[in-house]
Amino acid sequence: MIRLYDYALSGNCFKVRLLLSWLDLEYETRLVDFYPGFEHRSDTFRKINPLGQLPVIEIDGQLIRDAQAILIYLATTRDPLGQWCPMDRIGPIYQWLAFADSITGTISAARLHDAMFFRLDVDKARAGGVQLLRILDDHLWFAEWAGQDWIIAGEHPTIADIACFPYVALAEEGGIDLAPYAAIQRWTDRFMRLPGFAPMAGMMPLPLPKEART
Amino acid sequence: MSTYIVALDREVLPEGLVRGRMDTAELVIWRGASGSVHVWEDRCPHRSSRLSAGRNMGAYLEDPYHGWRFAEDGTVIHVPAEGGKGHPEISAHVLASAVTGGFVWASAGVLETGDFAGPPLRPLHFGVSANRVAAELDPTKTRITPWGAAACMVYGIDPDAMAAHRMLTALRRRLEAAG
Ligand code: FES
């Protein structure tokens, strides 16, 4: 049985839940009270992850921490079709997973400051976030121009999209205006319309009416 | 009252809602089932919530907060709290708009689109005022829309799209670094 150490309002946990559900994997959840309980900083939890971070997954007799690492592990061991992590595009995939990590350090940090009152340099976090949004918006704009819908060229979305999606979609909770990034908004619209997508709190994907679905 | 470009025509997708700005006004831009593009202030006449957080249902735009529905002409056609009654006397804040040359134009006053057409560049958001950017660019190839007092969106036409895009990106870096 797969076990996920999880927190509902964490975008990094959300990524893992999304992929687990898209891969149709059964798992049990162990909820960790990140805020306001700060349980992830407790001694008990530090035995599971010395970094005191979520998510962590228990799978195949091992503990794997770090959202991006978990995405790679699941996509390479549990996706027989290899759609979520196509090996012929592994370079760009790793590149965008690292990019997602920078998103956590900036856009997500700004959200922690605003929504959960964490103390940090929020102006710096927002400025860093804007630089990343510009890079992603550029990338997606030119991808669309070339007829592509996703971060990595190809028909099917990949773990690169999953990794980048949550904190970008939640950016406004950290006081970052998404209005300048029209290509990002079209991409988040497409992403939220994928079959089986279920939002986390703070995202506003209103389901399309049946008659408008293609 | 100036007329500004507020979006690229081909980026206003059916079923989508595009957010934009023009001077101090926040905008929601959408394409209705009729195929026409509408430019409204992004503010619900009910309780001022952001219409761009709603959904484009083709025949109407729906505000998620209390479910008011707005027809393509902006009028309220459905209020759930009143059993789905319409209110033709209430309307979204509709701006004058038109589509020409691949661009969506809008004005809070009289619309004057002029002739500006060509292969559109990637629109670029600058974190400096429209005036500062305008001083650096060729007005025959660019149109600048103020986004509040300290930012703007630059729309351009150029057959050599990549070279022009690189030039604009470099200009943005220089102007923003100068503060
Ligand atoms: S604020 Fe728009 S429906 Fe109430």
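Per-structure values
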| read-out | value |
| --- | --- |
| Candidates A:P80, A:P157, A:P166: whichever shows maximal mean-square fluctuation once chain A is modelled as a Gaussian network with Cα springs under 10 Å | A:P80 |
| Percentage relative contact order, the stretch B:118-178, counting C-alpha pairs under 8 Å, at least six apart | 43 |
| Ranked order, B:M153, A:M192 - accessible area, probe 1.4 Å, largest first | A:M192, B:M153 |
| Relative contact order (percent, whole number), chain B, Cα cutoff 8 Å, 6+ residue spacing | 21 |
| Value at 222 nm in deg cm²/dmol, rounded to 500, when DSSP H runs of n ≥ 4 in the protein assembly as shown each add -39,500 (n - 2.57) | -9500 deg cm²/dmol |
| For A:L132, solvent-accessible area (1.4 Å; no DNA, RNA or ligand), Å² | 30 |
| The stretch B:1-53-the stretch A:41-90 distance, computed between alpha-carbon centres (Å) | 41 |
| Label-point gap, in nm, between B:A98 and B:R10 - each point 7 angstrom along Cα→Cβ | 2.3 |
| In Å, descending, principal axis extents of the Cα set of the stretch B:4-91 | 38, 28, 20 |
| Placed amide H near B:I77: partners under 5 Å, 5+ positions off or other chain | B:R69, B:F70, B:A71, B:H87 |
| Loop-resident sites, the stretch B:10-51, for trypsin sites (Lys or Arg not before Pro), counting at most 13 other Cβ within 10 Å (DSSP) | B:R47 |
| When the stretch B:118-178 is reduced to its Cα atoms, the Kirkwood hydrodynamic radius in Å | 11.4 |
| Potential extension, A:A98-A:I135 segment - 0.36 nm per residue separation minus Cα distance | 12.0 nm |
| Relative contact order (%) - criterion: Cα under 8 Å, at least six apart; region: the stretch B:4-91 | 17 |
| Nearest-20 debye value, the stretch B:1-140 charge dipole, Cβ charges on Lys, Arg, Asp, Glu | 380 |
| Per-bin percent of Cα-Cα distances, chain B [10 Å] | 10, 36, 31, 17, 6, 1 |
| DSSP-assigned coil residues among chymotrypsin sites (Phe, Trp or Tyr not before Pro) in the stretch A:94-133, each with at most 14 further Cβ atoms within 10 Å | A:F117, A:F118 |
| Cα gyration tensor shape of the stretch A:40-191, rounded if a/c is under 1.5, else prolate or oblate by comparing a/b with b/c | oblate |
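The values are calculated or read from the model by the stated rules, or taken from the named source; none is laboratory data. Note that the structure is a prediction, hence the values are computed from the model and not measured. In this analysis, Cβ positions are derived from the backbone assuming ideal geometry, glycine residues included, and neighbour counts consider all displayed protein chains. The accessibility values were calculated without ligands, DNA or RNA, using every heavy atom of the protein model including side chains. Shrake-Rupley method; radii C 1.70, N 1.55, O 1.52, S 1.80 Å.
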